[in-house]
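Here is the structure we will look at.
Each reported figure results from applying straightforward, stated rules to the coordinates on display, with no laboratory input. Since we're looking at a predicted model, the values are computed, not measured. Ideal geometry is used to build each Cβ from the backbone, glycine not excepted, and the neighbour counts take in all protein chains shown.
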Amino acid sequence: MSKVKDLVEYVVKGLADKPDAVSLSEIEGESSIVLELRVDPEDMGRMIGREGRTINAMRSLARVLGAKMGKKVTLEIV
């Protein structure tokens, strides 16, 4: 598991009402990492936040950490 996945999973589980329902899969390529986030439907609004602020903040964190590793990181809610 990468540091990026660990960080995002930690933040998401801290925000979720049902942390057991959180699933984060990682698809790693040569120069990129795609993280697919699945949460309980009741937690979906909490993950997105007002006007997408929460998910955008998590994406920013993931991108910064990925840049330090030399990879482009994309975080998607499925």
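Just a few scattered comments:
- GluC sites (Glu not before Pro) within the range 4-78: DSSP coil, no more than 11 neighbouring Cβ in 10 Å: Glu30
- From its DSSP helices (H runs of at least four residues, each -39,500 (n - 2.57)), the chain gives a residue-normalised ellipticity at 222 nm of -14000 deg cm²/dmol.
- Exceedance of the 26 Å cut-off in Cα-Cα distance is limited, within the set Lys13/Lys68; Lys13/Lys71; Lys18/Lys68, to Lys18/Lys68.
- Helix 3-15 and the longest principal axis of the Cα set of the chain meet at an angle near 10°.
- Average Cα contact separation per residue, the chain, under 8 Å, 6 or more apart, as relative contact order %: 32 percent
- Charge dipole of the range 12-77 (Cα centre as origin; +1 on each Lys and Arg Cβ, -1 on each Asp and Glu Cβ, all else neutral): 380 debye, rounded to the nearest 20.
- Between the Cα long axis of helix 53-69 and the first principal axis of the chain there is an angle of about 20°, rounded to the nearest 10.
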